[in-house]
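A short write-up of the structure that comes next.
The values are calculated or read from the model by the stated rules, or taken from the named source; none is laboratory data. In this text the structure is predicted, and so the values were computed from the model without any measurement. Backbone-built Cβ (ideal geometry, glycine too); neighbour counts: all protein chains shown. Surface accessibility is based on the protein's heavy atoms, side chains included, excluding ligands, DNA and RNA. Shrake-Rupley method; radii C 1.70, N 1.55, O 1.52, S 1.80 Å.
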Amino acid sequence: MEKDMQWIKTFSFLAIVFFVSVVPALGQKTAVLAGHLIDPEAGTVTANQIILVEHNAKSGKSTILEIGSNVDIPGDAEVIDLSDEYVLPGLVDAHDHLGITYKEDPESWNYYFTVIMDSTPLRAIQSFSTGFQKLASGFTVVRDLGNNGLYADTALRQAIEMGWVPGPTMINSGIIIGGFGGQFHEIPEREDTVYPEYLNADTDDEIVKAVRRNIHYGAKVIKVCVDCQAYPYTVEQLRLFVSEAANAGQKVSGHVQTREGARRAIEAGLWSIDHDGALDPELHEMMVEKGVWRVGTETPLADWARTSESRWQRRVAMLKDAYDKGVKLAFSTDADYFIPGMNRGELTIEFLETWKAAGIPDADILKIMTSNGFEISELENERGAIKVGLAADMIATADNPLDDIDALRDVRFVMKDGKVFKKDGVVSSLGFFHNGPAYGWRVR
Ligand SMILES: [Zn+2]
């Protein structure tokens, strides 16, 4: 009898734990009625699909449970009717800086002044705003590659992952590592200005320490300034970056501005070459051989853009060359500045103009902005594609971007982690805000 009572007590306790902790968390389901479901990988559209999503309120994780034309919709599921819209994966910007915005007034476009005037806390708030603007334009993933003060990028990633605020999934780099001076031209009186915009690492020992320091403070990719000074890194040093990052399961993204820097970075096997200005057909061939990602800066020719006609023509020609040769391409902007009349999301989508000018077919541009983006972010097994088992991130447009990529200029709907961020063209995101920790404190 005594033993039975004990058993009943234990059972009741476990049952209560189960119902309190598991049942409500599993109860939330959403059915998205997609009139046209786009698979950018295959370049196809399927009519009248139901995407059933399960949201786990405890972990904040969402999962796509089922996709098909004949999915049973549970009676208590929330139903989102997108039967007139084109539903597709979220977009990726493979190179931006959410925690910096330089501008004509008062900095004359010189971010050296921005980093002196704006504190990291202010920039952290700015990075949230910037991420919000990008998410509103359909960018559900951003690789945030430095220039975020003292790890404002990590803070934003943590805040998003803990469920405090909405924002894109962030692959952040922490502080950019470079040879003495970073990307600045310092004066001896104030040479400490370089930090925390850049981490000086001139010797092998300093390289190892800088990589570890970034990873410790929450970097998910390592960003190195390959050739920002007259003393670029050697191939051996770049290989050390790669091996030290790989020791923590991370990749190395290289800011490159000279041909020799690009050559060394490709030879050393960096994950991505960021900025396209130094790339040419021969280097593109090397990149194909080595499987290195091309993360260009496809600034369009526009009245607001600080580029010249000849520079832009070269950019378009080289993008076309890279595409023709089969270089792995990412959509990337480096749009870390303010243009009056546009928010950061609207500015980001303007970069389509360069891709269109290069004659790249709309379906391929879409694949580059989605599938390629998930791959370069190493997220493809977690999120990105609208596939059973992956996180529920998706967007929708009124027109078909496979036929006209400009349809992406009007993203009507955004779902991030199973929750609606934007619907009918209107951002309505109160459900994302939480004083937290909604999904746990242990986000690092
Ligand atoms: Zn950049």
| Residue in the stretch 168-199 that is nearest to the ligand (Cβ to nearest atom), counting only those that are hydroxyl-bearing (Ser, Thr, Tyr) and assigned to a loop (DSSP other than H, G, I, E, B) | 173
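Yes or no, residue by residue, for (1) touching a Gly at 6+ places or on another chain (Cβ under 7 Å); (2) within 21 Å of residue 133 (Cα to Cα):
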residue	(1), (2)
356	no, no
366	no, yes
374	yes, yes
400	no, no
412	yes, yes
426	no, yes
443	no, no
| message | Let me spell it out: the conditions are (1) without any contact (Cβ under 8 Å) to a residue 24 or more places away in the chain; (2) buried (at least 24 other Cβ atoms within 10 Å of the Cβ); (3) of a type in the set (Asp, Glu), and residue 192 meets all of them except one. Which number is the exception? | response | (2)
| task | Please give the number of the condition residue 362 fails out of (1) open to solvent by less than 10 Å² (accessible area, probe 1.4 Å); (2) within 19 Å of residue 404 (Cα to Cα). | result | (1)
| said: Out of the residues in the stretch 147-162 meeting the condition of being assigned to a helix (DSSP H, G or I) and not small (Gly, Ala, Ser), tell me which one is farthest from the ligand (Cβ to nearest atom). | reply: 162
| request: Kindly indicate whether residue 165 is open to solvent by less than 70 Å² (accessible area, probe 1.4 Å) and part of a helix (DSSP H, G or I). | output: no
| Of all the residues that make up the stretch 54-80, how many are open to solvent by 40 Å² or more (accessible area, probe 1.4 Å), within 17 Å of residue 421 (Cβ to Cβ) and modelled with pLDDT of 95 or more? | 1
| message | Can you go through 235, 226 and tell me which one is more than 27 Å from residue 119 (Cβ to Cβ) and surrounded by fewer than 17 Cβ atoms within 10 Å (Cβ to Cβ)? | response | 235
| remark: When restricted to 333, 307, the only residue within 16 Å of the ligand (Cβ to nearest atom), open to solvent by less than 10 Å² (accessible area, probe 1.4 Å) and among the polar types (S, T, N, Q) is 333
| message | Restricting to the stretch 348-367, name every residue that is of a type in the set (Val, Ile, Thr), in a helix (DSSP H, G or I) and farther than 17 Å from residue 396 by Cα. | response | 348, 354
| note | Of the residues in the stretch 368-393, those that are within 15 Å of residue 39 (Cβ to Cβ) and in a loop (DSSP other than H, G, I, E, B) number 8
| task | Go through (1) in contact with a helix residue (DSSP H, G or I) (Cβ under 6 Å, 6 or more places away or on another chain); (2) under 21 Å from residue 377 (Cβ atoms); (3) within 16 Å of the ligand (Cβ to nearest atom) one by one and return the number of the condition residue 292 breaks. | result | (3)
| note | Counting only residues in the stretch 130-146 that are away from the ligand (no atom under 16 Å from the Cβ) and in a loop (DSSP other than H, G, I, E, B), the one most open to solvent (accessible area, probe 1.4 Å) is identified as 137
| If we scan the stretch 333-340, do we find a residue that is at pLDDT 95 or above, under 22 Å from residue 407 (Cα atoms) and of a type in the set (Ser, Thr, Tyr)? | yes
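Take the stretch 248-274 and flag every residue that is within 13 Å of the ligand (Cβ to nearest atom) and open to solvent by 30 Å² or more (accessible area, probe 1.4 Å).
257 - this is the single residue of the stretch 248-274 that is within 13 Å of the ligand (Cβ to nearest atom) and open to solvent by 30 Å² or more (accessible area, probe 1.4 Å).
Conditions (1) more than 25 Å from the chain's Cα centre (by Cα); (2) small (Gly, Ala, Ser), marked per residue:
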| site | (1), (2) |
| --- | --- |
| 210 | no, yes |
| 218 | no, yes |
| 224 | no, no |
| 230 | yes, yes |
| 236 | yes, no |
| 244 | no, no |
| 249 | no, yes |
| 253 | no, yes |
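Mind telling me which of the residues 420, 411, 427 ends up being closer than 17 Å to residue 161 by Cα, touching a residue at least 60 places away in the same chain (Cβ under 8 Å) and of a type in the set (A, V, I, L, M)? Walk me through how you get there before you give the answer.
Values: 411 fails: closer than 17 Å to residue 161 by Cα; 427 fails: closer than 17 Å to residue 161 by Cα.
Answer to the selection: 420.
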| Is it the case that the stretch 96-116 has a residue that's within 17 Å of the chain's Cα centre (by Cα), in contact (Cβ under 8 Å) with a residue 24 or more places away in the chain and open to solvent by 40 Å² or more (accessible area, probe 1.4 Å)? | no
